[in-house]
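Structure first, then comments.
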Amino acid sequence: MCSPQESGMNAVGARMVTRSRSRGPGAGLRRGGEEGAPLRSVEAAAEGRKSHSSVKRQRKTQRLNVAYEASEGETGEGAEHLQAPGWEPRDWQQQLENIRTMRSGKDAPVDQLGAEHCYDLSAPPKNKVKYIKQTSAILQQRYGGDIPASVAELVALPGVGPKMAHLAMAVAWGTVSGIAVDTHVHRIANRLKWTKKATKSPEATRTALEEWLPRELWSEINGLLVGFGQQTCLPIHPRCQACLNRALCPAAQGL
C-alpha cells in the first residue's frame, strides 16, 4: 500500500501527464492564441528572412554571372549586346557629307548618260571590239539577247570585271550585289584612309570597303566618288584647296 505522501505525488504526476497529452500541436491556438501566436510570429519572421536572403543571393549571383560572361566574351543571353564595334575610318561620315555637298550639282562627266561612260578606259582599244563581239554572241545564244542576272555569270563574259558586274546588277536588275570600284574609288578610298590598310588594286579596295561601309550606301558610293575624283580629287594635282575635306583628309595634311 502507498503512503499518503506517495499517493499525493502520484496524483500530481497523473495531472501533469494528462495536461501534457491534452496539449497537442494546436493547443495554444485552441486556448485563444495566448501561447501559439508568439511562436507563429517568430516562425513567420524567420521564414521571411530566409526567403529574402535566398532571393537576394539569387539576384546577386545572376548579376555576377552576366558580368562574368560579358567580360570573358562568352556567348549567352545578353552577351551579344556587349560585343565590341568593328573597325571604321575616322571622320568618315563627315567626309561623306562633305563629298555629297561638293557633288550636289551633278555636273561631272559620270553624271552624263550614255554608253560611252560605261566601258573601261584602261582596256586596250583592240580588245574592246573583240570583247563586244564575243559578248554579244554569248548573250544572243545563251540568254536570248538579255544579260545574266548574277555576278558570277556576268564576270564570266569576255572583258567584264567585278566593277561592271556590280554596276550591271544595280542598273539592269535593281540588285545591290556589291560596291563598284574603279580607279577613282580606289584612289579616293586610300587617300581618305577608308581602308584599314593600304590596298593595291580596285578589287582589294572593294573587299575592304564592304567590310565596314553600311550596305545601304553601296549603290551610292560609286557615282559619288567617281564624280568627286573627276572634278576635285584628281589623280595628279588634286584640288585640295577647294575641297571641304581638306582638314579631314590624311592625304591633304601638310599641303
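Do we have Thr205 as hydroxyl-bearing (Ser, Thr, Tyr) and open to solvent by less than 50 Å² (accessible area, probe 1.4 Å) here? Spell out how you get there, then give the answer.
Details: hydroxyl-bearing (Ser, Thr, Tyr): yes; open to solvent by less than 50 Å² (accessible area, probe 1.4 Å): yes.
Here the answer is yes, as Thr205 does meet what is asked.
Exactly one of (1) touching a residue at least 40 places away in the same chain (Cβ under 8 Å); (2) among the aliphatic types (A, V, I, L, M); (3) outside any loop (DSSP other than H, G, I, E, B) is unmet by Leu209. Its number?
The single condition Leu209 does not satisfy is (1).
Pick out the one residue from Ile221, Ile236 that is free of Cβ contacts under 8 Å to residues at least 60 places away in the same chain, within 22 Å of Asp107 (Cβ to Cβ) and open to solvent by less than 20 Å² (accessible area, probe 1.4 Å).
On the way: Ile236 fails: open to solvent by less than 20 Å² (accessible area, probe 1.4 Å).
Only one candidate passes the filter, namely Ile221.
Quickly run through region 127-142 and pick out the residues that are open to solvent by less than 50 Å² (accessible area, probe 1.4 Å) and not hydrophobic (A, V, I, L, M, F, W, C). If you could, list the steps in order and put the result at the bottom.
Our first condition is that a residue be open to solvent by less than 50 Å² (accessible area, probe 1.4 Å); within region 127-142, this holds for 127, 135, 137-139.
The answer is Asn127, Thr135.
Within region 172-196, can you find the residues that are surrounded by fewer than 21 Cβ atoms within 10 Å (Cβ to Cβ), of a type in the set (A, V, I, L, M) and either part of a loop (DSSP other than H, G, I, E, B) or at pLDDT 95 or above (or both)?
Matches in region 172-196: Val176 only.
Of the residues that sit in region 239-250 and are assigned to a loop (DSSP other than H, G, I, E, B) and under 19 Å from Gln93 (Cβ atoms), which one is least open to solvent (accessible area, probe 1.4 Å)? Outline the logic, then answer.
The first filter runs over region 239-250 and keeps only residues assigned to a loop (DSSP other than H, G, I, E, B), leaving 239, 243-249.
Next cut, under 19 Å from Gln93 (Cβ atoms) only: 243-249.
Details: Cys243: 24, Leu244: 92, Asn245: 2, Arg246: 79, Ala247: 86, Leu248: 53, Cys249: 17 Å².
Once the filter is applied, the top-ranked residue is Asn245.
Looking at (1) surrounded by fewer than 20 Cβ atoms within 10 Å (Cβ to Cβ); (2) more than 29 Å from Thr101 (Cβ to Cβ), can you tell me which one Gln230 breaks?
(2)
Looking at region 147-159, which of its residues are in contact with a helix residue (DSSP H, G or I) (Cβ under 8 Å, 6 or more places away or on another chain), open to solvent by 40 Å² or more (accessible area, probe 1.4 Å) and more than 18 Å from Thr205 (Cβ to Cβ)?
Ile147, Ala149, Gly159
Being free of Cβ contacts under 8 Å to residues at least 12 places away in the same chain and either assigned to a helix (DSSP H, G or I) or among the aromatic types (Phe, Trp, Tyr) (or both) is the filter here; which residues of region 197-206 pass it? Spell out the reasoning first.
In the first step, residues of region 197-206 are kept if they are free of Cβ contacts under 8 Å to residues at least 12 places away in the same chain; the result is 197-198, 200, 204.
Residue satisfying the conditions is Ala204 alone.
From the list Leu113, Leu157, Leu139, Leu213, which one is modelled with pLDDT of 95 or more, among the aliphatic types (A, V, I, L, M) and closer than 26 Å to Cys243 by Cα?
Working: Leu113 fails: modelled with pLDDT of 95 or more; Leu157 fails: closer than 26 Å to Cys243 by Cα; Leu139 fails: closer than 26 Å to Cys243 by Cα.
Leu213 is the lone residue from the list that is modelled with pLDDT of 95 or more, among the aliphatic types (A, V, I, L, M) and closer than 26 Å to Cys243 by Cα.
The values are calculated or read from the model by the stated rules, or taken from the named source; none is laboratory data. Only a predicted model underlies this, so the values are computations on that prediction, with no experimental measurement involved. Using ideal geometry, Cβ is built from the backbone for each residue, glycine included, and neighbour counts are taken over all protein chains shown. Only protein heavy atoms, including side chains, enter the accessible area calculation; ligands, DNA and RNA are left aside. Shrake-Rupley method; radii C 1.70, N 1.55, O 1.52, S 1.80 Å.
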